[in-house]
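Read the figures in this text as sums done on the coordinates, not as results from a lab. Model, not experiment: these values are computed from the prediction. Reconstructed Cβ throughout: ideal geometry from the backbone, glycine too, with neighbour counts over all protein chains shown.
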Amino acid sequence: MSASTPIRAGWTRPAWTTVLPPAAVVVLAAVWGRDLPPVVVGAVALVLAGAVLAAVHHAEVVAHRVGEPFGSLVLAVAVTVIEVALIVTLVVSGGPEAGSLARDTVFAAVMITVNGILGLSLVVAARRDHVAVFHAEGTGAGLATVATLATLSLVLPSFTTGQPGAQFTGGQLAFAAVASLATYAMFVVTQTVRHRDFFLPVVTDGGPTPDDVHADPPTRRAALTSLGLLVVALVTVVGLAKVESPAIEAGVEAAGFPPSFVGVVIALLVLLPETLAAVRAARRGLVQTSLNLALGSAMASIGLTIPVIALASVWIDGPLVLGLAATQLVLLALTVVVGVLTVVPGRATRLQGGIHLVLFAAFLFLAVSP
């Protein structure tokens with residue numbers, strides 16, 4: 001078999017991305033419901049990582065076919081589907097002790113995307129061009145949407161009085177789910193229909209244009225093939241992650257980390273390919289694409305997870321804790337304030353990117369040592 005499969009001039013599909021999703025299905029069928037030895041657990045983890053990378057690759061193929069900003073949206077939603085499926089699978093099967101897993105994973109996704117991915121993208125882009133330039137209107141709208149979704153779903157439960165603890169009542173959870181979905185839908189319409197120009201890469205004198213850095217788009221047939229392989233990869237990721245979940249929890253416990261760190265591990269695993277995609281875009285000078293990926297993933301994580309969790313709450317045993325703790329509230333508030341100051345000018349230096357990375361490091365440290 002050749003190293004890659006031609007799709008169109010300037011665009012190739014690596015052969016492993018075609019073979020791996022069906023192979024992952026075979027692996028999933030072989031290990032499902034079994035007590036696995038450590039060596040097999042490690043092998044399954046490698047297949048899981050490959051399936052995640054294959055899923056994101058095929059999402060990128062579809063994204064190249066539909067163009068920006070639809071491409072960033074496709075990739076963000078594809079990654080979020082993986083994340084939501086993992087969360088629901090682990091929460092439903094984890095019992096009462098998994099009641100805060102959704103909160104921990106969604107909050108981790110926000111910190112990783114808004115501080116980690118955004119900060120790293122700004123540092124890489126500013127190192128290339130000294131100043132990272134982007135649309136303040138589109139990026140500001142994305143940050144405002146993230147802040148609103150996070151407040152409605154993760155902050156308010158810490159202050160409502162209908163239920164003891166950081167929980168919503170059934171009616172409050174239903175409202176948060178509908179409001180989150182509606183807010184996310186409004187943003188998608190704004191991004192793809194009404195104000196699409198706000199989310200396209202900024203073209204500066206002497207800078208790159210999308211045509212300069214993107215390969216020719218794949219054919220319609222190639223894009224449909226990747227769409228099918230993407231669905232297969234997503235299914236296998238969910239199944240293999242369910243197989244791996246006991247090992248993840250055991251590893252966190254063995255390291256002496258708090259149980260909430262499981263959510264951080266899940267978010268880091270799922271968002272790693274998207275991080276690589278954002279950094280690649282920033283390296284090519286497409287800062288707006290990087291920020292679309294970062295903020296789009298953050299709002300999709302909340303806007304899609306909370307509605308699904310609300311539906312799944314029927315089958316969840318025990319309390320569903322969504323409200324953030326005091327330390328998490330401080331980190332979220334500081335992230336929003338710093339984010340506003342970063343995006344309002346429409347230009348950022350390595351300093352702003354570095355500040356976001358410091359906040360990300362603080363999140364990781366406090367997650368390990370609360």
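Identify, among LEU240, GLY138, LEU269, the residue whose Cα sits farthest towards the positive end of the charge dipole of the chain, taking +1 on the Cβ of Lys and Arg and -1 on the Cβ of Asp and Glu, with the dipole about the Cα centre.
GLY138
If you add up the charges near ALA247, with Lys and Arg at +1 and Asp and Glu at -1, over every other residue whose beta carbon is less than 12 angstrom from its beta carbon, what do you get?
Residues close to ALA247 contribute a combined charge of -3.
Residue by residue, what Karplus-based ³J(HN,Hα) values in Hz, rounded to whole numbers, does the stretch 222-230 have, using 6.51, -1.76 and 1.60 with θ = phi - 60° and x for Gly and Pro?
Each residue of the stretch 222-230 in turn: 5, 5, 5, 4, 5, 4, x, 5, 4 Hz.
Put +1 on the Cβ of each Lys and Arg and -1 on the Cβ of each Asp and Glu in the stretch 16-368; which of GLY251, PHE360, VAL287 then has its Cα farthest toward the positive end of the dipole?
Ranked along the dipole, the leading option is VAL287.
Could you tell me which of GLY318, ALA76, GLY303 has its Cα farthest along the dipole of the chain towards the positive end, charges placed at Cβ (Lys, Arg +1; Asp, Glu -1), taken about the Cα centre?
ALA76
Under 1.5 on a/c is rounded, so check that first for the stretch 162-204, then, if it is not, pick prolate when a/b is larger than b/c and oblate when it is not; a ≥ b ≥ c are the square roots of the alpha carbon gyration tensor eigenvalues.
Values: a/c = 8.69, a/b = 3.08, b/c = 2.82.
Note, shape of the stretch 162-204 comes out prolate.
Quantify how much of the Cα-Cα distance distribution of the stretch 16-368 extends past 28 Å, in percent.
Of the Cα pairs, 42 percent sit more than 28 Å apart.
If exposed means no more than 13 neighbouring beta carbons inside 10 Å and the site is in a DSSP loop, what's the longest run of the chain without any exposed chymotrypsin sites (Phe, Trp or Tyr not before Pro)?
160-314
Kindly give the semi-axes, whole Å and largest first, of the ellipsoid equivalent to the stretch 82-153, taking each as the square root of 5 times a Cα gyration tensor eigenvalue.
32, 15, 8
Applying the Karplus parametrisation 6.51 cos²θ - 1.76 cosθ + 1.60 with θ = phi - 60° to the phi angles of the stretch 173-183, what ³J(HN,Hα) value in whole Hz is obtained for each residue in order, glycine and proline being reported as x?
5, 5, 4, 4, 5, 5, 5, 5, 5, 5, 5
In percent, what relative contact order does the chain have, based on Cα pairs under 8 Å that are 6 or more apart in sequence?
Relative contact order for the chain comes out at 38 percent.
Charges only on Cβ, +1 for Lys and Arg, -1 for Asp and Glu: so what's the dipole of the stretch 16-368 about the Cα centre, in debye to the nearest 20?
My answer is approximately 440 debye.
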